[in-house]
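Trainee: If you scroll down you'll find the structure; I have some questions about it.
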Amino acid sequence: MTEKVLEIRDLRVTFETPSGPLEAVRGVDLDVSAGELLGVVGESGSGKSVTFLATMGLLPARARVTGSVLLAGEQLIGASNKYMRSVRGRLLSMIFQDPLSALNPVHRIGNQIAEMLQSHQDLSKRDAEKRAIELLDIVGIPQPSERATQFPHEFSGGMRQRVVIAIAIANNPKVLIADEPTTALDVTVQAQILEVIERVQERFGTAVVLITHDLGVIARVADRVNVMYAGRNVEQGTIDSLFDHPSHPYTRGLLASLPEPGKQRLKPITGFPPNMLNPPKGCAFHTRCEYAAEVCKLDLPELQTFGDLQTACVRAKELPKAESRV
Amino acid sequence: MLRYILRRLAWSVPTLLLVTFLVYIALRIGTNPVESYKRVNPRASRAKIQQYIDVNGLDPNFIQGYFKWLKNFITGDWAPSIKGRREVWPALKDAMANTLRLGIAATVVGIFFGLIFGVLAALRPGGRRDVFINTSAFVGISIPPFISAILLQLLFAVYWQRWFGFSLFPTSGVYPAGHTGFDLFLMLKFMALPTIIVAIQIIATYSRYMRSSLLDVLNSDYMRTARSKGISERRILIKHGMRNALIPVVTIAALDVGSIVGGLIITENIFSYPGMGLYFLKSFGEGDFPLLMPWMVVIVASILLFNLIADISYAWLDPRIRLE
């Protein structure tokens, strides 16, 4: 087993809202090993983004975060603002969903990358700008030295996402969190961006967390997958085992709802995600689960190991074997 | 950029001509300058009246008359005012200087504090400080200057006199009666109250502009990107936040300064402050055509000029705007 760079234990995030406290993340356990590409899948509101915004310390002050997040052995939850500032952009960095709005419209691309370099490394402005041009080259932007002097509005969406990646990897972070990096892009551009992320991961040995709701993206690039539902981690394992024999009914539902050549109709998961202000008792998925039984309504299921998968389902053993998708 | 500015300046010539023509017609219909002249100078001879008509271009034919007026205006052959036959340019120049002095002082003070209060309010939206600033701004906008000015006059002149035996700030004019020459201290003392009155309005307006502009920016994705870089909050606020939030505010400020040249009619009237506003009130009240037309030209020209400045500063601050 390789070294773990990021260890999240029992992470909980609660937002105070006018209608009462909303627990968006309800005890997530998750590990990221050095150099791996971990996919995190889930519907909107499953808590996947909030988990990692909490890790970055980027949640608004009204969010209450408890639990433990160890980055290379250092505790991040409850760490001082100053320490978190030194972590952000240096050890941990993040790529956001919408490249069109993620860059500051009034600053030149080169300066926006140089700012990231200079805030964590003792570099002269000149050296930082030179390094910025190299980074643009690494993420595959043609004519990087001219492009560095341009403004974000002179770039296409895909090119801007490359710039965002260049900023994120500038200080060679241990973990790169990509929050739906391809969702706002065209399908052809999506593939290019995924390639850039993979290339960065291989070249610098960066661990990448790829947050997405698109299982197709996960299948293409991830080594391991975490499936999240209603603020919990419901299943995790290697990409092959998860796609080959998913155990949790939610994962099965997700896979069954994927389009496939020759398939006439998609099979959606019935019902809606639960209201997180008042989540169902016991397993949050029981209201939509075709295998639900009385026992599912009792306690929150914990992750248990079943072969090469870890599944949070009390009935996982009794369920019929899922059909293979590989 | 230079070409754009030159083109805009060139375009302002026909605009000025058109607007002054419309103003000329409006004044001729609205104030009947010839009748006004006769009313003010009841014993003027026929020849005098004809001379007045000639030099001001008040021919029965508006178009002919306008071009006559234009020719005399451009060649500097300006008619004296109908009352007292005063020269127009010195009067207009003094009024402009007084208004600009008051306007610039109030704008600088007003925008400075307005921006600070706006930023303070936006940093903690919904907090106690925000509520206080917002409420004060609302009060500041809502109290008309003729109320707040009288309250200040009462406090600093009347009651101060009663309590301390002297009045802190004078309530009217730019200098004491009979004063000649330049005296900075005296001038500032006379300017104080009108400046405060105008500045209160500006502070109230700009704190609200700044608050909403900065709030928009603070909630934007690129601010989150900046935060994810691990740079200091101060740098995030100034380099990423303010730099963007000031773009619309600067543009509005340029337009506002342009309209201040037209005079602060209410404030100048209350403080008997001889600026462009008072100039207009007096000359309009007497239907003094020779005084009114140059005033109009100055107003229109300054609005055109500051519109151009607003556009240029917008393009200069926001790289997405191209002036072509």
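Trainee: So between residue A:258 and residue A:321, what do we pick up on full extension, going 0.36 nm a residue minus the alpha carbon distance?
Mentor: Once the chain is fully extended between residue A:258 and residue A:321, it gains 20.8 nm.
Trainee: Provide the gained length on full extension for the span residue A:9 to residue A:82, in nm with one decimal, where the gain is 0.36 nm per separating residue minus the Cα-Cα distance.
Mentor: 24.0 nm
Trainee: Ranked highest first by the average count of other Cβ atoms within 10 Å around their residues, in what order do A:153-163, B:311-321 fall?
Mentor: Listed from highest to lowest mean packing, they are A:153-163, B:311-321.
Trainee: Based on DSSP, what percent of beta bridges with both residues in chain A are antiparallel, to the nearest 5?
Mentor: 65 percent
Trainee: I would also like to ask the following. Quote the charge dipole size of the protein assembly as shown about the Cα centre in Debye, to the nearest 20; the model charges only the Cβ of Lys and Arg (+1) and of Asp and Glu (-1).
Mentor: For the protein assembly as shown, the charge dipole is close to 2240 debye.
Trainee: Please state the shape class of chain B: rounded when a/c is under 1.5, otherwise prolate if a/b exceeds b/c and oblate if not, all from the C-alpha gyration tensor.
Mentor: Oblate shape, in that a/c is at least 1.5 and b/c is the bigger or equal ratio.
Trainee: Beta carbons within 10 angstrom, averaged per residue: use that to sort the peptides A:67-73, A:36-42, A:238-244, highest first.
Mentor: A:36-42, A:238-244, A:67-73
Trainee: If you don't mind, another one. Given Cα positions, please report Rg to Rh for region B:1-144, the hydrodynamic radius being the Kirkwood one.
Mentor: With Rh from the inverse mean 1/r over Cα pairs, Rg/Rh is 1.20.
Trainee: Residue A:305 versus residue B:235, label points 7 Å from Cα toward the beta carbon: distance in nm?
Mentor: Here the modelled spin labels are 4.5 nm apart.
Trainee: Charges only on Cβ, +1 for Lys and Arg, -1 for Asp and Glu: so what's the dipole of region B:57-199 about the Cα centre, in debye to the nearest 20?
Mentor: Result for region B:57-199 is approximately 180 debye, rounded to the nearest 20.
Trainee: Would you calculate, for chain A, the mean residue ellipticity at 222 nm contributed by helices, counting each DSSP H stretch of 4 or more residues as -39,500 (n - 2.57) and dividing by all residues, to the nearest 500?
Mentor: -9000 deg cm²/dmol
Trainee: Measure out, as a whole number of angstrom, how far apart the alpha-carbon centroids of region B:1-62 and region B:112-138 sit.
Mentor: Each part's Cα centre sits 47 Å from the other's.
Trainee: Using only atoms on other chains, find how many Cβ atoms lie within 10 Å of each Cβ of peptide A:77-90 and report the average.
Mentor: What the average comes to for A:77-90 is 2.
Trainee: Search the structure for amide H atoms under 5 Å from the amide H of residue A:27, placed 1.01 Å from N in the peptide plane, and list their residues when 5 or more places away or on another chain.
Mentor: For residue A:27, the qualifying residues are A:11, A:12, A:13.
Trainee: Please state the relative contact order of region A:1-141 as a whole percent: Cα pairs under 8 Å, 6+ residues apart?
Mentor: Here the relative contact order equals 21 percent.
Trainee: Which whole-Hz couplings ³J(HN,Hα) result when phi for each residue of region B:118-135 is put into the Karplus expression 6.51 cos²θ - 1.76 cosθ + 1.60, θ = phi - 60°, listed in order with x for Gly and Pro?
Mentor: Per residue, the Karplus-derived 3J(HN,Hα) values read x, 5, 4, 5, 6, 5, 10, x, x, x, 5, 4, 4, 4, 4, 5, 4, 5 Hz.
Trainee: Rounded to the nearest 500 deg cm²/dmol, what is the calculated helix-only ellipticity per residue at 222 nm for chain B, with -39500 (n - 2.57) per DSSP H run of length n ≥ 4?
Mentor: Rounded to the nearest 500, the figure is -24000 deg cm²/dmol.
Trainee: Over all directions, how big on average is the projection of the convex hull of the alpha-carbon atoms in region B:200-324, in square nanometres?
Mentor: 10.2 nm²
Trainee: By average Cβ neighbour count within 10 Å, what is the ranking of A:16-28, A:204-216 from highest down?
Mentor: For the peptides A:16-28, A:204-216, the packing ranking is A:204-216, A:16-28.
Trainee: Distance in nm between label sites at residue B:6 and residue B:321, each 7 Å beyond Cα in the beta-carbon direction?
Mentor: With each label placed 7 Å out from Cα toward Cβ, I get 2.3 nm.
Trainee: Near the amide H of residue A:306, under 5 Å away, which other amide H atoms are found, from residues 5 or more places off or on another chain, if H is placed in the peptide plane?
Mentor: So residue A:306 has HN proximity to A:311.
Trainee: Kindly identify region A:82-169 as rounded, prolate or oblate by the Cα gyration tensor criterion: order the square roots of the eigenvalues as a ≥ b ≥ c, call it rounded if a/c is under 1.5, otherwise compare a/b with b/c, prolate if a/b is larger, else oblate.
Mentor: Cα axes put region A:82-169 in the oblate bin.
Trainee: Could I ask something else about it? Grab the beta carbon distance between residue B:143 and residue B:183, set R0 = 22 Å, and tell me the FRET efficiency rounded to 0.05.
Mentor: The formula returns an efficiency of 0.10 here.
Trainee: Would you be so kind as to identify which of A:213, A:117, A:133 lies farthest towards the positive end of the dipole of region A:94-234, taking Lys and Arg as +1 and Asp and Glu as -1 on Cβ and the Cα centre as origin?
Mentor: Of the candidates, A:117 comes out farthest on the positive side.
Trainee: For region B:237-251, what does the Karplus curve 6.51 cos²θ - 1.76 cosθ + 1.60, with θ = phi - 60°, yield as ³J(HN,Hα) per residue in whole Hz, taken in order and with x for Gly and Pro?
Mentor: Each residue's phi maps through the Karplus curve to give 5, 7, 6, 9, x, 4, 4, 7, 5, 6, 4, x, 5, 4, 4 Hz.
Trainee: Still on this structure, please answer the following. Seen from all sides and averaged, what is the projected area of the convex hull of the Cα atoms in region A:168-312, in nm²?
Mentor: 10.8 nm²
Trainee: Please state the charge dipole magnitude for chain B, taken about the Cα centre, from unit charges on C-beta atoms (+1 on K and R, -1 on D and E), reported in debye and rounded to the nearest 20.
Mentor: 480 debye
Trainee: Please list, in chain and number order, the residues 5+ apart from residue A:226 or on another chain whose amide H is under 5 Å from its amide H, with Hs placed from the backbone.
Mentor: A:39, A:40, A:41
Trainee: Out of B:321, B:287, B:264, whose Cα points farthest toward the positive end of the dipole of region B:239-324 (charges: +1 Lys, Arg; -1 Asp, Glu; placed on Cβ)?
Mentor: B:321
Trainee: Continuing with this model, one more query. What do you get for trypsin sites (Lys or Arg not before Pro) in region A:220-315 restricted to DSSP loop and a cutoff of at most 13 other Cβ within 10 Å of the site's Cβ?
Mentor: Here the trypsin sites (Lys or Arg not before Pro) that fit, given the DSSP loop and packing criteria, are A:263, A:265, A:281.
Trainee: Residue A:213 label point, 7 Å along Cα→Cβ, cut-off 14 Å on backbone N: hits in region A:29-51?
Mentor: The answer is A:41-50, whose backbone nitrogens lie closer than 14 Å to the label point.
Trainee: Using a Förster radius of 45 Å, what is the FRET efficiency between residue A:295 and residue A:198 based on their Cβ-Cβ separation? Nearest 0.05, please.
Mentor: 0.60
Trainee: Using a Cα-Cα cut-off of under 17 Å, which lysines could be cross-linked to residue B:239, ignoring same-chain neighbours fewer than 8 residues away?
Mentor: Result set, ordered by chain and number: A:125, B:229.
Trainee: Next up: Please give, to one decimal in nm, the separation of the simple spin-label points placed at residue A:191 and residue A:61, each 7 Å out from Cα toward the Cβ.
Mentor: 4.8 nm
Trainee: Hey, another quick one. Other chains' Cβ within 10 Å of A:104-117 residues: what's the mean?
Mentor: 4
Trainee: Here is a follow-up. For chain A, what is the Kirkwood estimate of the hydrodynamic radius, computed as the reciprocal of the mean inverse distance between distinct Cα atoms, to one decimal in Å?
Mentor: 20.8 Å
Trainee: For the protein assembly as shown, how big is the tail of P(r) above 38 Å, as a whole percent of Cα pairs?
Mentor: Taking all Cα-Cα pairs of the protein assembly as shown, the fraction more than 38 Å apart is 54 percent.
Trainee: Which value, to two decimals, describes the C-alpha radius of gyration of region A:198-246 once divided by 2.2 N^0.38 Å?
Mentor: Output field value: 1.21.
Trainee: Show which lysines lie in cross-link reach of residue B:68 when reach means a straight Cα distance below 19 angstrom and same-chain residues fewer than eight apart are skipped.
Mentor: By straight Cα distance, residue B:68 reaches B:48.
Trainee: Let me ask you something else. If I take every Cα pair under 8 Å that is 6 or more residues apart in region B:89-172, average their sequence separation and divide by the length, what percent do I get for the relative contact order?
Mentor: In percent, rounded to a whole number, it is 12.
Trainee: For residue B:38, go through the aspartates and glutamates and keep the ones whose alpha-carbon is under 20 Å away, minus same-chain ones fewer than eight residues off.
Mentor: By straight Cα distance, residue B:38 reaches B:54, B:59, B:87, B:286, B:288.
Trainee: Now for a different question. Give a residue-ordered list of calculated ³J(HN,Hα) values for region A:278-286 (Karplus: 6.51 cos²θ - 1.76 cosθ + 1.60, θ = phi - 60°; whole Hz; x for Gly, Pro).
Mentor: Each residue of region A:278-286 in turn: 8, x, x, 5, x, 5, 5, 8, 4 Hz.
Trainee: Report, please, the projected area of region A:246-290 averaged over directions, based on the convex hull of its C-alpha atoms, in nm².
Mentor: 3.7 nm²
Trainee: Toward the positive end of the charge dipole of the protein assembly as shown, about the Cα centre and with charges on Cβ (Lys, Arg +1; Asp, Glu -1), which of B:160, A:307, B:226 goes farthest?
Mentor: Farthest towards the positive end: B:160.
Trainee: Moving on. Please say if region B:14-74 is rounded, prolate or oblate, where rounded means a/c under 1.5 for a ≥ b ≥ c the square roots of the C-alpha gyration tensor eigenvalues, and otherwise the choice is prolate for a/b larger than b/c and oblate otherwise?
Mentor: prolate
Trainee: Taking only C-alpha pairs under 8 Å that are 6+ residues apart, what is the relative contact order of region A:230-311 in percent?
Mentor: Relative CO of region A:230-311 lands at 36 percent.
Each value in this text was obtained by applying a stated rule to the coordinates, not by laboratory testing. No experiment lies behind these values; they were computed from the predicted model shown. In this analysis, Cβ positions are derived from the backbone assuming ideal geometry, glycine residues included, and neighbour counts consider all displayed protein chains.
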